[in-house]
1. Using the structure shown, list the pairs from K113/K290; K15/K113; K57/K276; K15/K276; K151/K276; K130/K151 with a Cα-Cα distance above 29 Å, or answer none.
2. Under a 10 Å cutoff between Cα atoms, tell me which one of N199, N353, N65 has the largest fluctuation in the Gaussian network model of the chain.
3. What is the distance, in nm, between label points placed 7 Å from the Cα along the Cα-to-Cβ direction at T189 and at R345?
4. How do the peptides 77-84, 123-130 rank, highest first, by the average count of neighbouring beta carbon atoms within 10 Å per residue?
5. Could you state the principal axis extents of the C-alpha atoms in the stretch 217-316, from the largest down, to the nearest angstrom?
6. Which listed residue (A91, C333, I61) has the Cα farthest towards the positive end of the charge dipole for the chain, taking +1 on Lys and Arg C-beta and -1 on Asp and Glu C-beta about the Cα centre?
7. Got a number for carbon plus sulfur as a percent of the chain's accessible area, 1.4 Å probe?
8. Top mean-square fluctuation among I182, I134, I249, Gaussian network model of the chain, C-alpha springs under 10 Å?
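The values are calculated or read from the model by the stated rules, or taken from the named source; none is laboratory data. Just so we're clear, the structure is a prediction, and the values are computed from it rather than from any experiment. Cβ coordinates were reconstructed from backbone atoms using ideal geometry, including for glycine residues, and neighbour counts include every protein chain displayed. Keep in mind that these areas ignore ligands, DNA and RNA; they rest on the heavy atoms of the full protein, side chains included. Shrake-Rupley method; radii C 1.70, N 1.55, O 1.52, S 1.80 Å.
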Amino acid sequence: MPLKTLSGKHADPRKGRGAGINPEGRFENVVCEAFDDGWNTPQEELPPLKTHVTVEKAKSIIARNDSPDIPFTQSINPYQGCEHGCIYCYARPSHAYRNLSPGIDFETRLFAKINAAELLREELSRPGYKCEVISLGANTDPYQPIEREYKITRGILEVCAEFGQPVAIVTKNALVERDVDILAPMAQTNLVNVFMSCNNLDHELARRLEPRCTAPARRLQAMRHLSESGIPVGVLVAPVIPFLTDHQIEPVLEAAWAHGARQAGYVLMRLPWEIKDLFREWLERNYPLKARHVMSRVHQMRGGRDNDPNFGSRMRGTGELAELLAQRFRVSCKRLGFNAGKRNRALDTTLFNVPGRQQQMPLF
């Protein structure tokens, strides 16, 4: 049975994991809470939590959205749940739909869609399919550690390369370098770009925020490798956490530029649903002296709330501090040269072709 601990006092911060609690999802009717039984049991170091992967065959693989805040309409998530354990991850609440916790369960009970490449081939081959860019990594990281074994993301890329299907990748893991042999030829025909997500260069902070992600310095090395291989690289400074990582916007952009990134974007931290409780517990456990200041800044940029779900403001925030943050980002990008030139061009959707299908000849 998964651990169901709610109290920060009785949190279960296992080594290598981000969440210290495992609260029930919002659809559960029963809530469990730890309590002191009076026996004063000595606290012993708990064994590391193991990662459990369930292989499953999905019924469909391309997810579609019409959100005005997201620059793509199609996405693929090879995995549900993410071993990286980023405490701020906005995908955590999705585990509640499986009657699992967005806390520790999200990091340790993963689901691998082993038929993803097969389904993608079927969907791309349908007569009514309209080619648009597919985003990999919109929800959970396509290069999280279990990808080394399952290679689902690699299979998806092989299909995309075969069909001339453009792909935009977002990841925090240097494992993306493994697939340069596929990505580099795709990049030659403007069919792929890669964004490396990095919100700070402090390895101690990153270890706490993103316990199983590639270290920031290693992500920079991956940017350089991809760029030198001819693959357009960008940096996503996300999420920006007020009073914790916001001072590192400029250093991250400068380091990313020096390592070959030529596109840049940022997202203000979002705390929807169960994430707000997970993040508060994490703050109190890791940075108790900063906790009140961080949440105060969050409220100033979120209209007095933990989270703002509204389109148009949920990614950037509102108020003077949010406007100042946006201005700092724009000025830094302009100074360095981000988001300009041919490396900022849109991916090509005109090369899409279903293998073996005879193309209709023009009438004139």
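1. Result: K113/K290; K57/K276; K151/K276 exceed 29 Å.
2. Greatest mean-square fluctuation among the candidates belongs to N65.
3. In this crude spin-label approximation the distance works out to 1.5 nm.
4. 77-84, 123-130
5. Projected onto its principal axes, the Cα set of the stretch 217-316 covers 44, 31, 22 Å.
6. C333
7. Within the chain, the accessible surface is 53 percent carbon and sulfur.
8. Maximum among the listed residues: I182.
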